[in-house]
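Trainee: Below is the structure I would like to discuss, written out as structure tokens.
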Amino acid sequence: MQRRRFLTLSTVTVAGLLLSRCAVPQSTSPPPRILTSRSGLLKVNLKAELKQVFVAGKQATLMTYNGQVPGPILETRPGDDVEIRFTNGLSQPTNLHFHGLHISPSSNGDNPFLEVLPEEGFTYRFSIPADHPGGLYWYHPHYHGKVAEQVFGGLAGVIIVRGTVDEIPAIANATEEILVLQDFDLDLRGRLKPPSPVFRKWGRQGDLIAINGKTPARLTVVPGGLLRLRLLNASASRFYRLQLENHPWYLIALDGHALEAPQEMPELLLAPGERAELLIPGSSPGEYRLMNLPYDRGIQAMVNSMEPSGTADGDSQEPVRIATLTYGDGTEGEAMVLGAGTLPEMLLPIETLPEPDRVREFVFDHGIDAETGQPFLINGKSFKHHRVDTQVSLDTVEDWVLINKAGMDHPFHLHTNPFQVISRNDQPEPFKAWKDVVNIRAYETVRIRIPFRDYDGQTVYHCHILDHEDQGMMGIIEMV
Ligand code: C2O
Ligand code: CU
Ligand code: CU
């Protein structure tokens, strides 16, 4: 109903479009600094170091990129070259991963096996393919064994690829807000608390939720305009179950890829590593809360038994307001942009993948790996450096059947090549989408279809609850 009412307002005029550009309201929370490519080259210096910052109104000592939490936004275009001169100012090894980008996983590209020692540097160099989809990607450390600690310490930043989707008129004219969702657990002096044993094992969480380092965020939509929300879950383990109360919003992209058409969403579950983009039409002036609702990823009983009062750190079982959506004041100028906010009927086509050349099964479970003693297993084994677990052939399509035998969610992530979810517990997915993270709920079976394209070499797949990954829930894939 909301949508129909909206579509009747669609008198897009050039003047309206121009006005809407001028009437784009300034966000009250200034977005993190944006580093943009120039004449086809994005050249940046990036330094990881412990710094004092303000997060959610508190002074904190966090791990930062260039002194910022979240790190600077890197903005590129298809066909760009990227050169990142990275310096490790931390007291432990680290590296960089470019989550979701379809780029080379080898040498100084998106290579998760690199080690950048303290005080050392490394220059990452890669090219974004000319046909790369436009969307929301991100960078974060991927040094096995330290990933959860470093991401939970604050290390994460957005990568935007401006592509075809950004040229769809309604989207080009929408106001854009990039929201990086992080959680922290700080002591009274603003230092990171070491996680309790339960959280260290099952996935560390903090009760301090920050959106671009602030909380709660303020979002503004112009009456008759469109707000494009671009969300990244950059938390190490926390899931966000988001609901915009009493106001419509429409999903337009997942994990860096546009959908074929906007989808109305009552609520949105965002597992660690996932991204989602939504359009909010400025259709019903008022003030609305963006809530994070409780979600049990399978550890709640354990957390409760630790602290029966239910007040354990990191255990928000209450709905929390994480942002407020307000309307511009509806002055004459703003009223004239009516119609600029019409939802696009179509976004971008998504190819239908051919039947798979090969089907594999991956079983996710807990236990003890005989060799490494690690508790998180894929096909009965925990991660081991230099052991290739899965070898695939380039230019083939595979179905992976991801079977979760544990009573806990495991969001599965594959580097380099995105995939499409075919079914969950044999129920076909309601609409086509490209993904790079898919949550496998407790005891669920998810079937995904992956085309292996363009890049040979080795990379990884893993659970994106980063404590699980650090404790072995990862495998090496070789593309030949
Ligand atoms: Cu976002 Cu292998 O990770
Ligand atoms: Cu990744
Ligand atoms: Cu997991």
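The values are calculated or read from the model by the stated rules, or taken from the named source; none is laboratory data. Predicted, not measured: the structure shown is a model, and the values here were computed from it. Cβ sites come from the backbone with ideal geometry, for glycine too, and all protein chains shown count toward neighbours.
Trainee: Here are some residues: 416, 445. Which one is within 16 Å of ligand 3 (Cβ to nearest atom), polar (S, T, N, Q) and either crowded, with 23+ Cβ neighbours inside 10 Å or outside the structural domain of residue 141 (by TED's automatic domain parsing) (or both)?
Mentor: 445
Trainee: Determine whether residue 107 is over 30 Å from residue 455 (Cα atoms) and in a loop (DSSP other than H, G, I, E, B).
Mentor: no
Trainee: Filter segment 132-156 down to the residues that are over 24 Å from residue 193 (Cα atoms) and either in contact with a helix residue (DSSP H, G or I) (Cβ under 9 Å, 6 or more places away or on another chain) or among the aliphatic types (A, V, I, L, M) (or both) and list them by number.
Mentor: If the condition is that a residue be over 24 Å from residue 193 (Cα atoms) and either in contact with a helix residue (DSSP H, G or I) (Cβ under 9 Å, 6 or more places away or on another chain) or among the aliphatic types (A, V, I, L, M) (or both), then 133, 134, 135, 136 are the ones that fit.
Trainee: Let me ask another. Which one is modelled with the lowest pLDDT among residues in segment 260-308 that are among the hydroxyl-bearing types (Ser, Thr, Tyr) and more than 28 Å from residue 222 (Cβ to Cβ)?
Mentor: Ranking the candidates gives 305 first.
Trainee: For segment 382-399, check the following and say yes or no: at least one residue is exposed (fewer than 14 other Cβ atoms within 10 Å of the Cβ), assigned to a strand (DSSP E or B) and in contact with a strand residue (DSSP E or B) (Cβ under 9 Å, 6 or more places away or on another chain).
Mentor: yes
Trainee: Specify the residue that is surrounded by the most Cβ atoms within 10 Å (Cβ to Cβ); the eligible residues are those in segment 161-182 that are in contact with a Gly (Cβ under 8 Å, 6 or more places away or on another chain) and under 17 Å from residue 130 (Cβ atoms).
Mentor: Filtering segment 161-182 for residues that are in contact with a Gly (Cβ under 8 Å, 6 or more places away or on another chain) and under 17 Å from residue 130 (Cβ atoms), the one surrounded by the most Cβ atoms within 10 Å (Cβ to Cβ) comes out as 161.
Trainee: With the condition being away from ligand 1 (no atom under 16 Å from the Cβ) and crowded, with 18+ Cβ neighbours inside 10 Å, I'd like the strands (runs of 3 or more DSSP E) fully within segment 46-101 carrying at least 1 qualifying residues.
Mentor: Correct list: 58-65, 73-76, 81-88.
Trainee: Taking the condition within 15 Å of ligand 1 (Cβ to nearest atom), more than 15 Å from residue 461 (Cα to Cα) and assigned by TED's automatic domain parsing to the domain that holds residue 159, does residue 128 pass?
Mentor: In short, no.
Trainee: How many residues does segment 100-147 contain that are touching an Asp or Glu at 6+ places or on another chain (Cβ under 8 Å) and closer than 23 Å to residue 182 by Cα?
Mentor: 9
Trainee: State all residues of segment 429-469 that are under 23 Å from residue 374 (Cα atoms), among the charged types (D, E, K, R) and within 14 Å of ligand 2 (Cβ to nearest atom); if no residue qualifies, say none.
Mentor: The answer is 469, and nothing else.
Trainee: Sticking with this one: Six or more apart or on different chains, Cβ under 9 Å: which pairs go from a residue in segment 112-123 that's more than 16 Å from ligand 3 (Cβ to nearest atom) and modelled with pLDDT of 95 or more to one that's part of a loop (DSSP other than H, G, I, E, B) and hydroxyl-bearing (Ser, Thr, Tyr)? Could you list them?
Mentor: If the second residue must be part of a loop (DSSP other than H, G, I, E, B) and hydroxyl-bearing (Ser, Thr, Tyr), the pairs left are 112/143; 114/143; 115/143; 116/143; 118/91.
Trainee: Also: Filter segment 215-236 down to residues that are in contact with a Ser or Thr (Cβ under 6 Å, 6 or more places away or on another chain) and either aliphatic (A, V, I, L, M) or without any contact (Cβ under 8 Å) to a residue 60 or more places away in the chain (or both), then give me how many there are.
Mentor: So the count comes out to 2.
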